[in-house]
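Participant: Here it is: the structure, laid out below.
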Amino acid sequence: MEGLAISREIQRSAPIWFHQKSTATRTLFTRGQHHKKTVKCLKETHKIVSVSDAEVLARLLQTSRHQSAWNCRCAACTGTRHTHPQCEDPNACFRRAKLMVDSLLPKWNPMLPQPEDWEAGFNVDAPQDPEAKVFNPKVTTYGTLADTFRIFTERIDGGDVAPDNKPDSEPDEEEIIAHTDGSANNNGRDEVTAGSGVFFGQGDIRNIAVRVPVELNPSNQVAEILAIKQACETCPIDIPLTIISDSRYSIDGLTRICRVGRTKASQPYPMASQYRPPWVKYESARRKLR
Ligand SMILES: [Zn+2]
Ligand SMILES: [Zn+2]
């Protein structure tokens, strides 16, 4: 299971027991404080199966006037004793459920902030320009748990935490326009050399020229896409960015073919998953870089 970020719906649907993304040892899921009693109660009385089930119990700890005691008289504990008479210690069950959810990697914990909390608003106000293609900047994998399964991959570690693509509340520029280009000498041969350029304007200190490093397998296409990557990384994440590129490969790769979170094996554009600016608009070049 992997993805840059995971939707809460998927996070909640995963089985909690021996969760693949739990950092806890197996004891958390096997041993209770009182001879396995708590774990047994969670399974048999509360019928906890999924992360969602555990989360519901964990949230009961926030009930007002709840006390960390077996005989707590708060509304949640009283209610639980009523609906689940076999539960001898609601507090212990809630706490264990919370520990289980807390043990999940941040990317898999539905009780923590996730990119889906803010990315729904991304690009909704991008201007409707028929000549431009709008980049989908969402990093979250939506769908079902099955959509997070990655097979035949090179086991690239997607990290414990979802990328921080949260925009600042107030962008200080209206829009940025960047022209990108890449080129290669001896394209397709062993002695290939390639370079990427980003042009913001005459004399603009942000203008970039870089040589494509050997480890990226230099080619015309790689140079084009590296230029776009450089442009994205140079610009603040929360300002609408228009990238003007003449690379059909890059434009289609990023706006049509690229599915965020796909791994290398199913991804003909290996670097594409690294782009995640909130508003990026690509359009065909009508001007050449000088
Ligand atoms: Zn209570
Ligand atoms: Zn219980």
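The values are calculated or read from the model by the stated rules, or taken from the named source; none is laboratory data. In this text the structure is predicted, and so the values were computed from the model without any measurement. Glycine gets a Cβ as well: all are built from the backbone with ideal geometry, and neighbour counts include every protein chain shown.
Participant: Can you confirm whether region 71-86 contains a residue that is touching a Ser or Thr at 6+ places or on another chain (Cβ under 8 Å), more than 10 Å from ligand 1 (Cβ to nearest atom), farther than 28 Å from THR148 by Cβ and among the small types (Gly, Ala, Ser)?
Facilitator: no
Participant: If the requirement is being on the phi < 0 side of the Ramachandran plot and surrounded by fewer than 17 Cβ atoms within 10 Å (Cβ to Cβ), which of these qualifies: PRO137, PRO167, PRO163, PRO90?
Facilitator: Of the residues listed, the single one that is on the phi < 0 side of the Ramachandran plot and surrounded by fewer than 17 Cβ atoms within 10 Å (Cβ to Cβ) is PRO163.
Participant: Could you grab me the full set of residues in region 66-75 that are hydrophobic (A, V, I, L, M, F, W, C) and away from ligand 2 (no atom under 15 Å from the Cβ)?
Facilitator: Step one: filter region 66-75 for residues hydrophobic (A, V, I, L, M, F, W, C), giving 69-70, 72, 74-75.
Of everything in region 66-75, just one residue is hydrophobic (A, V, I, L, M, F, W, C) and away from ligand 2 (no atom under 15 Å from the Cβ), namely ALA75.
So that you can scan it fast, the table gives a plain yes or no per residue for (1) under 30 Å from THR38 (Cα atoms); (2) touching an Asp or Glu at 6+ places or on another chain (Cβ under 7 Å); (3) surrounded by fewer than 17 Cβ atoms within 10 Å (Cβ to Cβ):
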position	(1), (2), (3)
CYS72	yes, no, no
GLY79	yes, no, yes
PRO85	yes, no, yes
MET100	yes, no, no
TRP118	no, no, yes
GLY121	no, no, yes
GLU131	no, yes, yes
ALA146	no, no, yes
THR153	no, no, yes
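Participant: Mind listing just one residue for me: the one in region 47-94 that is in a helix (DSSP H, G or I) and of a type in the set (Asp, Glu) and, of those, nearest to the chain's Cα centre (by Cα)?
Facilitator: GLU55
Participant: Please find, among THR78, THR63, THR27, THR83, the residue that is of a type in the set (Val, Ile, Thr) and either within 10 Å of ligand 2 (Cβ to nearest atom) or touching a residue at least 12 places away in the same chain (Cβ under 8 Å) (or both).
Facilitator: THR63
Participant: Something else about it: Got at least one residue in region 87-107 being of a type in the set (Gly, Ala, Ser), within 16 Å of ligand 1 (Cβ to nearest atom) and touching a helix residue (DSSP H, G or I) at 6+ places or on another chain (Cβ under 7 Å)? So that I can check it myself, show each step before the final result.
Facilitator: Step one: filter region 87-107 for residues of a type in the set (Gly, Ala, Ser), giving 92, 97, 103.
This time we only want the ones that are within 16 Å of ligand 1 (Cβ to nearest atom), so: 92, 97.
Filter once more, so that each one left must be touching a helix residue (DSSP H, G or I) at 6+ places or on another chain (Cβ under 7 Å): 92, 97.
Yes, because at least one residue in region 87-107 is of a type in the set (Gly, Ala, Ser), within 16 Å of ligand 1 (Cβ to nearest atom) and touching a helix residue (DSSP H, G or I) at 6+ places or on another chain (Cβ under 7 Å).
Participant: (1) more than 11 Å from ligand 2 (Cβ to nearest atom); (2) modelled with pLDDT of 95 or more: which one isn't true of ALA97, the others all being true?
Facilitator: If we test ALA97 against (1) more than 11 Å from ligand 2 (Cβ to nearest atom); (2) modelled with pLDDT of 95 or more, just (1) comes out false.
Participant: Between THR141, THR180, which is under 25 Å from THR255 (Cβ atoms) and within 22 Å of the chain's Cα centre (by Cα)? Please lay out each step first, then the result.
Facilitator: Numbers: THR180 fails: within 22 Å of the chain's Cα centre (by Cα).
Matching residue, one of THR141, THR180: THR141.
Participant: Restricting attention to strands (runs of 3 or more DSSP E) lying wholly within region 135-234, give those where 2 or more residues are small (Gly, Ala, Ser) and over 30 Å from VAL124 (Cα atoms).
Facilitator: Passing ranges, in order: 176-185, 193-199.
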